[in-house]
Amino acid sequence: MLDLLDTEKHFILSHLVRGCTAVDFTMGNGNDTLFLSRSVGPDGKVYAFDIQEKALASTERLLSEHNAPRNYTLIKDSHHRAKDYIKEGSFRVGMFNLGYLPGSDKSVTTLHETTLEAVKAASLLLEHSGCITVAVYPGHEEGAVEGRMLEEMLSSYDRKSFCITGLRIVNSPSSPFVFLIEKK
Ligand SMILES: C[S@@+](CC[C@H](N)C(=O)[O-])C[C@H]1O[C@@H](n2cnc3c(N)ncnc32)[C@H](O)[C@@H]1O
């Protein structure tokens, strides 16, 4: 059966070049940051964002436990302010894994207002031929709103500049789904 997380990673790897810059827009426990850090390699760079101090602490721990290359910067700030840290056209791959930190306070979740702003900003900061994945969890109320509003926003992107694919399990509407954003 299709594994959406594997599909996301496969998509990222098919756009990533070793030594490039990657961004984890929702650091959480650091699993995606670790994946990106290893994939870009020691000459690459990873920026990772989260608003919770404990996300930075668990990510730092995970990265050092796994001897990840020292190619990362962990940023305690909201992803919608990414442009304060990353230059336009300077990152190659990015990941959003929306929702709340697994095993933690569910009220600290991504919110559609900042998520939409962050995805829009990320699309502008992205290099040409780069890609962004956005995993949405519609099983909780805010996740369902984020999913609908993202779909509306992404549907309006100019087809000549972006190709946006949605991957969802059509007979399980509350299951997570993914948007794959490619910049031409
Ligand atoms: C589903 S978790 C991410 C899982 C993570 N990628 C991993 O590999 O463990 C979502 C994370 O987004 C964070 N978050 C919520 N709002 C945010 C915002 N405005 N900017 C950045 N991160 C945010 C939450 O604190 C939470 O840690």
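Using packing as a proxy for protection, rank 151-158, 76-83, 43-50 so that the peptide with the highest average count of other Cβ atoms within 10 Å comes first.
Numbers: 151-158: 12.4, 76-83: 17.2, 43-50: 22.9.
Per-residue mean Cβ counts within 10 Å order the peptides as 43-50, 76-83, 151-158.
Once the C-beta distance of Lys160 and Val17 is scaled by a Förster radius of 30 Å, the resulting FRET efficiency is 0.80 to the nearest 0.05. Applying 1/(1 + (r/R0)^6) with r as the Cβ-Cβ distance of His128 and Lys83 and R0 = 22 angstrom yields a FRET efficiency of 0.80.
Of all lysines in the structure, those lying under 26 Å Cα to Cα from Lys160, and not within fewer than 8 positions of it along the same chain, are Lys9, Lys83, Lys87, Lys120, Lys183, Lys184.
Can you order the peptides 26-38, 98-110, 160-172 by their average number of other Cβ atoms within 10 Å per residue, highest first? All intermediate terms of the calculation are to be shown ahead of the outcome.
Values: 26-38: 23.5, 98-110: 15.1, 160-172: 12.5.
My ranking of the peptides, most packed first, is 26-38, 98-110, 160-172.
The base-10 log of I(q)/I(0) for the chain, evaluated at q = 0.08, 0.16, 0.18 Å⁻¹, reads -0.22, -0.95, -1.24 [Debye formula, identical scatterers on Cα atoms, solvent excluded]. For the stretch 44-96, the convex hull spanned by the alpha carbon atoms encloses 85 Å³ per residue.
Rule-based calculations on the coordinates, nothing more; no lab input. Because the structure is a prediction, the values reported are computed rather than measured. Please note: Cβ atoms are built from the backbone with ideal geometry, for glycine as well, and neighbour counts cover all protein chains shown.
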